[in-house]
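Peer 1: Pasting in a structure now, in structure tokens, and then I'll have a few things to ask.
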Amino acid sequence: MTAASPTTRGLIGLSTYAYFWRFSDRVARPMSLDDMLRDASELGAEVFQICDYAPLDDYSDERLAGVRSLAESHGLTLEVGTRGTDPAHLFRYLEIAVALGATLVRSMWSQGSDNPSASENVTRLKTVLPRYEEAGVTLALETYEQVSSIDLVALVEVIGSPNLGICLDPANTVANLELPGDVTGRCLPHVVNWHVKDFDFSREAGWVGFSLLGAPLGTGRLDYDGMRRAIDPARRGISQIIEHWLPWQGDGETTTRVEAEWTKNNLNYLKEKNS
């Protein structure tokens, strides 16, 4: 297995999560992966993360080569994302990454009912990481509410591989009562990928409880400027990947229109902030 190239780090771009509704079966004409890549290029993205996109698991070598060729022809570098630490699955995603020329695979501590202990994950990841190191591919485990950032950092540190890091998304950890600033500071030395999405709270109808939902960048609770100063993505070569938590807007036409607006506006926001 040969090393993947070029590096994706330090670039600004989009994820399939920025197209969540537009490729779903809830809309009349779902976008294909090729459609998303073309659209991302037209918007000025530098990198595209194919994240939690189920069809990718079963792509043939020929189809993967076609995706890579399309991305390269549109000036896009690719990253990939999946969930879980099952070695067979992570080996498959290493194959996918190398075929796509991706040098980063984002994953998560668990997947569905497969929720390994910390010691089990140490064993699993120590099995997988030598081949990631050989291929020049970094595995980034994401912060999310099902695992405390303390445990996630401990896992990364006990393994100590240069090809294992953290995908920072502190919006996810709010549901575990972890403040974004605390999570950012704790994970900072190990961040290799940054999922950028804004969020805010709103009262439920009747003032009973709250909803934590997405917001256009710069309008919610995300301290983007503070996080960027701390992370220093340009100097450290950390890619910034835009995602959304956009709720369904009542109908497909409205939802896809708003999602497209958020995607364009959020990408422009990041490009302006990093110019």
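The values are calculated or read from the model by the stated rules, or taken from the named source; none is laboratory data. All values reported here derive from a predicted model rather than from experimental measurement. Positions of Cβ are generated from backbone atoms using ideal geometry, with glycine treated the same way; all protein chains shown enter the neighbour counts.
Peer 1: Residues of the range 74-85 being more than 17 Å from residue 137 (Cα to Cα) and either part of a helix (DSSP H, G or I) or without any contact (Cβ under 8 Å) to a residue 40 or more places away in the chain (or both), which ones?
Peer 2: Those that are more than 17 Å from residue 137 (Cα to Cα) and either part of a helix (DSSP H, G or I) or without any contact (Cβ under 8 Å) to a residue 40 or more places away in the chain (or both): 74, 75.
Peer 1: Among the small types (Gly, Ala, Ser), over 18 Å from the mean Cα position of the chain (by Cα) and under 30 Å from residue 272 (Cα atoms): which single residue out of 73, 119, 107 fits that description?
Peer 2: 73
Peer 1: Can you tell me how many residues in the range 96-117 are of a type outside the set (S, T, N, Q) and without any contact (Cβ under 8 Å) to a residue 40 or more places away in the chain?
Peer 2: Summing the residues that are of a type outside the set (S, T, N, Q) and without any contact (Cβ under 8 Å) to a residue 40 or more places away in the chain in the range 96-117 gives 6.
Peer 1: Let me ask another. For the range 108-156, how many residues are of a type in the set (Lys, Arg) and either crowded, with 16+ Cβ neighbours inside 10 Å or over 23 Å from residue 79 (Cα atoms) (or both)?
Peer 2: Within the range 108-156, residues that are of a type in the set (Lys, Arg) and either crowded, with 16+ Cβ neighbours inside 10 Å or over 23 Å from residue 79 (Cα atoms) (or both) number 2.
Peer 1: Could I ask something else about it? Cβ-Cβ distance below 7 Å, separation of 6 or more or different chains: which pairs start in the range 16-28 with a residue that is within 15 Å of residue 52 (Cβ to Cβ) and end on one that is among the polar types (S, T, N, Q) and assigned to a loop (DSSP other than H, G, I, E, B)?
Peer 2: none
Peer 1: So which residues in the range 245-254 are surrounded by fewer than 21 Cβ atoms within 10 Å (Cβ to Cβ) and under 20 Å from residue 13 (Cα atoms)?
Peer 2: 245, the sole residue that qualifies.
Peer 1: Which condition does residue 102 not pass, out of (1) crowded, with 18+ Cβ neighbours inside 10 Å; (2) part of a helix (DSSP H, G or I), if it passes all the others?
Peer 2: Every condition holds for residue 102 apart from (2).
Here is a yes/no grid of residues against (1) buried (at least 17 other Cβ atoms within 10 Å of the Cβ); (2) in a helix (DSSP H, G or I); (3) not acidic (Asp, Glu):
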site	(1), (2), (3)
10	no, no, yes
42	no, yes, no
48	yes, no, yes
72	no, yes, no
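Peer 1: May I pose another question? Which of the residues spanning the range 146-158 are not in a helix (DSSP H, G or I) and not polar (S, T, N, Q)?
Peer 2: 147
Peer 1: Select, from 34, 57, the only residue that is under 30 Å from residue 119 (Cα atoms) and in a helix (DSSP H, G or I).
Peer 2: Answer to the selection: 57.
Peer 1: Here is a follow-up. Within the range 215-244, restricting attention to residues that are in a loop (DSSP other than H, G, I, E, B) and without any contact (Cβ under 8 Å) to a residue 40 or more places away in the chain, which residue is surrounded by the most Cβ atoms within 10 Å (Cβ to Cβ)?
Peer 2: That would be 220.
Peer 1: Let me spell it out: the conditions are (1) at pLDDT below 95; (2) farther than 24 Å from residue 170 by Cα, and residue 112 meets all of them except one. Which number is the exception?
Peer 2: (2)
Peer 1: If we scan the range 246-254, do we find a residue that is outside any helix (DSSP H, G or I), at pLDDT 95 or above and under 18 Å from the mean Cα position of the chain (by Cα)?
Peer 2: yes
Peer 1: For the range 138-145, does any single residue satisfy the condition of being more than 18 Å from the chain's Cα centre (by Cα) and either free of Cβ contacts under 8 Å to residues at least 24 places away in the same chain or not in a loop (DSSP other than H, G, I, E, B) (or both)?
Peer 2: No, the range 138-145 has no match at all.
Peer 1: Considering only residues that are outside any strand (DSSP E or B) and either small (Gly, Ala, Ser) or more than 11 Å from residue 145 (Cβ to Cβ) (or both), look in the range 165-181 and name the one that is nearest to the chain's Cα centre (by Cα).
Peer 2: 171
Peer 1: If a residue has to be at pLDDT 95 or above and part of a helix (DSSP H, G or I) to count, how many in the range 182-211 make the cut?
Peer 2: So the count comes out to 9.
Peer 1: Still on this structure: Select from the range 202-214 the residues that are surrounded by 13 or more Cβ atoms within 10 Å (Cβ to Cβ) and either in contact with a helix residue (DSSP H, G or I) (Cβ under 9 Å, 6 or more places away or on another chain) or at positive phi (or both) and list them in ascending order.
Peer 2: Within the range 202-214, 212, 214 qualify.
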